[in-house]
1. Express in Å², to the nearest 10, the accessible area of Glu36 obtained by rolling a 1.4 Å probe over the protein heavy atoms while all chains stay in place.
2. Please report, in debye to the nearest 20, how large the charge dipole of the chain is about its Cα centre when each Lys and Arg carries +1 at its beta carbon and each Asp and Glu carries -1 there.
3. For the range 1-141, give the share of DSSP beta bridges that are antiparallel, in percent and rounded to the nearest 5; count only bridges with both residues there.
4. Just the number please: accessible area per residue for the range 308-411, 1.4 Å probe, all protein chains included, in Å².
5. At what distance in angstrom do the alpha carbon centres of the range 165-190 and the range 14-91 lie from each other?
6. For Cα pairs less than 8 Å apart in space and 6+ apart in sequence, what is the mean separation divided by the residue count of the chain, i.e. the relative contact order in percent?
7. Which length gain, in nm to one decimal place, applies between Met291 and Glu256 when the Cα-Cα distance is subtracted from 0.36 nm times their residue separation?
8. Ranked by accessible surface with a 1.4 Å probe, highest first, in what order do Val176, Val191 come?
Amino acid sequence: MDIFEMAKIPLNKAIKAMKLNEGAANIINNPERTLEVSIPVKMDNGKTKVFTGYRSQHSTILGPAKGGIRYHQNVSLDEVKTLAFWMTCKCAVAGLPYGGGKGGIIVDPSELSQRELEALTRGFIDKIALIIGEKRDIPAPDMNTNAQIMGWMMDEYSKITGQYEPGFITGKAICVGGSLGRTAATGRGVVVAALEALKIKKIAPQKATCAVQGFGNVGSWTAKLFYDEGVKVVALSDIKGNIYCPEGFNPYKVEEYAAKKGSVVGYPGSKPITNKKLLTLDVTILAPCAMELQITAANAASVKAKIISEGANGPTTPDADIILDKKGIMVIPDILANGGGVTVSYFEWIQNLYRNFWSEEKVIERQNALMRAAFKNVFAVTKKYKVDMRVAAYIVALGRLDEAMKIRGMY
Ligand code: GLU
């Protein structure tokens, strides 16, 4: 089954549970627009290579499309369409005035020089410029893209339109209109959501343990902020391997080590473990913050965590969901748990539109308030419809989308 079809399984459960209008369901099941582009880049060796990129706008029902751009060798049209669909639902769950979009380029960025990376980035913006913009579609960072890449994109787009365009993209450096608190925002949301779940389960953070898969922007901030809350971080990982320490890590120290050595692997006092072991450790919270399709029918029965807070997009398959639900594990779905990033992207966009600056305290306070409200909303729906958190999150999202579709006369 392709990933878009898989992603629609919980959506269709929600459509059934809430008896959504058929026309509305058909609209949500199909992306509004997807663009495939070829990007020629003059490489350092003098040869010209052509890369393939995509931008998918799943929906603009609630506002301009919003979502990141990833650079990865496994990017595909199907994956980008799926990620755009998740963005629509994520923004709707959080109550943001955005639709959903996503972009990607098929490339392993570690194989490019900085000059090649910049040329590829600018070439991609040239090709998608026609469909993006502050009121149309607002990109952001995603896997393997960062504030530097956003800076090049902003510069290229400003050249094309002939005006200063900070509001067309988020996740920028502060000096070009970025927001304080944006870098940590996705990890912060994963932690805030998990803390809400701990409250429901009546477990004090100081009594909880966690395992975090992935040590990129999302995983490293998730681990650091769990540590700040007194949760014991017993396992960490990156693409090179997984490490375990029952006494608990200080993720700030692990980050310093990884910056020097290029990986968390080998951190003094840690024990190497397998990825399967990390996902099935006897911990209170498991935070998958790496890739899609990590918790599957093959390993779900062995998961021992009480709470899963999904930092990655799509880390759990629908088959695994059924198994986890039967085991009584509370899965805080990606479209709720990792919505902190796009929430602070929204704050960044507001600051850009008003040429305004918020303090970090204000950003954090507003993010926490929005995410706690979204969590409570979704949790209440689990009771009302007797569904798991994922289906409940889709019901919340679809409710907002449906209202707007109806009033806009779309069906
Ligand atoms: N790429 C992030 C996500 O998947 C952030 C998107 C954004 O800020 O627009 O949620």
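The values are calculated or read from the model by the stated rules, or taken from the named source; none is laboratory data. Just so it is clear, the structure is predicted and the values come from calculations on it, not from any experiment. Ideal geometry is used to build each Cβ from the backbone, glycine not excepted, and the neighbour counts take in all protein chains shown. These area figures cover heavy atoms from the full protein model, side chains too; ligands, DNA and RNA do not enter into them. Shrake-Rupley method; radii C 1.70, N 1.55, O 1.52, S 1.80 Å.
1. 120
2. Details: 52 positive and 40 negative charges, 210 e Å.
Dipole of the chain, to the nearest 20 debye: 1020 debye.
3. Values: 17 of 24 bridges.
Rounded to the nearest five, the antiparallel share is 70 percent.
4. Numbers: 4450 Å² over 104 residues.
That works out to 43 Å² for each residue.
5. 21
6. Details: 874 pairs, mean separation 68.2, N = 411.
Relative contact order comes out at 17 percent.
7. Full extension from Met291 to Glu256 adds 10.3 nm.
8. Details: Val176 40, Val191 5 Å².
Of Val176, Val191, the descending order of accessible area is Val176, Val191.
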